[in-house]
Amino acid sequence: LKSKDEQSRIEKRMDILREILSQRNWPVKEVLIGDSDKAQDIFHNVLLSMWTAYFIARSRGEDPSRTPIIEEFKRLMSA
């Protein structure tokens, strides 16, 4: 999910995540969002991303509560 008002630190996170996913040959698609107020955008984005992640994991036969990729993401963010 990409907002027209993204801060540089968010752009860095998205670049790292895109790289992690691309290395695994997972498709990456950016969706531009955000024509409402900031609080509504944040709430909408959190819900949409959580449910999207849940259903992608389920469709792959994976446990949605296990997230080893997050540890890799955190490690790359601190670099």
Percent of accessible area on the chain owned by carbon and sulfur, 1.4 Å probe? 57 percent
So what's the Cα pair-distance distribution over the chain, bin width 10 Å, in %? 15, 45, 35, 5
So how tilted is helix 38-59 from the main axis of the chain? Cα-based, degrees 0 to 90, rounded to 10. 20 degrees
Listed residues 62, 19, 11; largest mean-square fluctuation, Gaussian network over the chain with Cα springs below 10 Å, found at 62
Solvent-accessible area per residue for the chain (1.4 angstrom probe, square angstrom): 83 Å²
Rel. contact order, % - alpha carbon contacts under 8 angstrom, at least six apart, the chain: 35 percent
At 0.36 nm per residue, and after removing the present C-alpha to C-alpha distance, how many nm does the segment from residue 74 to residue 18 gain when stretched out fully? 18.8 nm
Using modelled backbone amide H atoms (1.01 Å from N, in-plane), which distant-in-sequence or interchain residues come within less than 5 Å of residue 2's amide H? 31, 32, 33
List the trypsin sites (Lys or Arg not before Pro) within segment 1-31 that fall in a DSSP loop (any state other than H, G, I, E or B) and whose Cβ has at most 14 other Cβ atoms within 10 Å. 4, 24, 29
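The values are calculated or read from the model by the stated rules, or taken from the named source; none is laboratory data. Because the structure is predicted, anything quoted here is derived from the model rather than measured. Backbone-built Cβ (ideal geometry, glycine too); neighbour counts: all protein chains shown. Accessible surface areas use protein heavy atoms only, side chains included; no ligands, DNA or RNA. Shrake-Rupley method; radii C 1.70, N 1.55, O 1.52, S 1.80 Å.
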